[in-house]
1. Ordered by residue, what ³J(HN,Hα) values in Hz, to whole numbers, does segment 344-350 give under the Karplus form 6.51 cos²θ - 1.76 cosθ + 1.60, where θ = phi - 60° and Gly and Pro are x?
2. For helix 401-411, what angle does its Cα long axis make with the longest principal axis of the chain, in degrees from 0 to 90 and rounded to 10?
3. Give me a comma-separated list of calculated 3J(HN,Hα) values for segment 185-199, in order, Karplus coefficients 6.51, -1.76, 1.60 applied at θ = phi - 60°, integers in Hz, x for any Gly or Pro.
4. Suppose a student asked you for the relative contact order of segment 36-96, using Cα pairs under 8 Å spaced at least 6 residues apart; what percent would you report?
5. What does the charge add up to near Arg349, with Lys and Arg as +1, Asp and Glu as -1, over the other residues with Cβ less than 13 Å from its Cβ?
6. May I ask you to derive the relative contact order of the chain, considering only C-alpha pairs under 8 Å and at least 6 residues apart, and to give it as an integer percent?
7. What whole-number volume per residue, in cubic angstrom, does the convex hull of the C-alpha atoms of segment 269-414 give?
8. When the convex hull of the C-alpha atoms of segment 63-222 is computed, what volume per residue in Å³ does it have?
Amino acid sequence: MVILALGVHYKSAPVAVRERVAFAPDDLPTALAALREYVAEGAILSTCNRTEIYALVGHVHSGGKNLRRFLSESRGVPAADLDSYLRWYCQEEAVRHLFRVAAGLDSMVLGEPQILGQVREAWTLARQAGSLGPVLENLFREAVVVGKRARRETGISRHAVSVSSAAVVLARQVVGDLAGCTVAVIGVGKMGEQAAELLVENGARRLLVLNRTAARAQDLADRLGGQALPLDRLAEALVQADVVITSTGAPTPIVTAALVESLLARRAGRPLCLIDIAVPRDVEPAVGRLPRVRLYNIDDLQAVCTANLGERAREVDRVEALVAEHVERFRLWWQAREVVPTIAALRQRAEEIRQAELARALARLGHLSERDRQVVSALSVAIVNKLLHRPITRLKEVADSRSYSRALRDLFGLDPLPLDGPAAQEQPDDADPARGNTGQPAGPDADTVCC
């Protein structure tokens, strides 16, 4: 069996691509149930900056094809449209990638805390959907441990920097002092709530809060001294606000060019700054082409984030060491999982042979006393144990335990390992899983996929 991960993230794909493959929270239970038809085990991590699928498959090439097909079919996006943006990780590199994600090393904002909760949520949802098995269960458990240790034992999450804080920094760069500004926050999820708090902390004169669930908007507005508006009063908020930060989970834009254009006269020439940190995007790109309107999306925040990460960057080596430690721990667990069935089968075969030959010998030596019979039996046990000691010890030690397991099973006539039959040996003519680099934009038939 092989662990594979594929997906897109902010380094490989622009927001226009990421939003096409993002899974809304309500979509995930159905998607995870469908994923079980494609792979042995699976989990989906979908955030504003990434959509990644982690899976246990029988073979790297056929499993990779299935994952690519699942992503294409479940999101309704032609696979050809995704191929240049996909990133693939296989076996140890897939493990390392997930651990780095959970530790905050692969985030747009280095060390940001939200991703750990999102990894935990992906684990929980996959378990509830029944798409996890023992391998991914242990993989995600270990990832959460790595993420917790990184934040507890290093300074990777100190010196607060987040997508929301970057959005507020950008707003200040665009409009200057927020003290005279009316600001609006649309969507009160974690990022929207944090953005509202930071806007108030940075001196915004007036806060408007809009959300599909009116009670949540009212709670946040009451806490921060703002005003809650129902989402159907969006036009009113767009007329009043100088800065709008939007982060809803809507599948299609809620702020259209037609809507904003119809409001420009009522704004009397006042500039409008829109910062869209949602994926899929909340604001149509055409809005940014309207007069006196400046539109930014989540990809525009990277420069802001980079400028504020000096202290965290000094902690990267310490976190990488933690990741390496847990990758090795998972590798040893995986290796033990691989070799235990072979060791058990080898011992069983040896015991069957010993018992048969001992019975044959004792039948010929019928005159032996009971004590002599016990001595002969003990001798046979000692011989078998000494013969098996070296191969079993070596099997536990080697890195390529699966190859050793196959060799032992072949030499001793044991049943093949699961998925070692002809179907597992199939490989596309143009693919070589032993060549290339992981994490590159290649499909499962390309030379860059490897274990």
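The values are calculated or read from the model by the stated rules, or taken from the named source; none is laboratory data. Since this is a predicted model, take the numbers as computed values, not measurements. Cβ coordinates were reconstructed from backbone atoms using ideal geometry, including for glycine residues, and neighbour counts include every protein chain displayed. To get the accessible areas, we keep the full protein, side chains included, count just its heavy atoms, and leave off ligands, DNA and RNA. Shrake-Rupley method; radii C 1.70, N 1.55, O 1.52, S 1.80 Å.
1. Going residue by residue, I get 5, 5, 5, 5, 5, 5, 4 Hz, with x marking Gly and Pro.
2. Orientation of helix 401-411: about 30 degrees from the principal axis.
3. Karplus-based 3J(HN,Hα) across segment 185-199 equals 10, 10, x, 10, x, 4, 5, x, 4, 5, 4, 4, 4, 5, 4 Hz.
4. On the way: 43 pairs, mean separation 15.0, N = 61.
Computed value for segment 36-96: 25 percent relative contact order.
5. Values: positive: Arg347, Arg354, Arg409; negative: Glu351, Glu352, Glu357, Asp410, Asp415.
Here the charged neighbours net out to -2.
6. Details: 754 pairs, mean separation 80.3, N = 451.
Averaging sequence separation for qualifying contacts and normalising by length gives 18 percent for the chain.
7. Numbers: hull volume 29.4 nm³, N = 146.
Spelled out: Cα convex hull of segment 269-414, divided by residues, is 202 Å³.
8. Working: hull volume 27.3 nm³, N = 160.
Roughly 171 Å³ of hull volume per residue.
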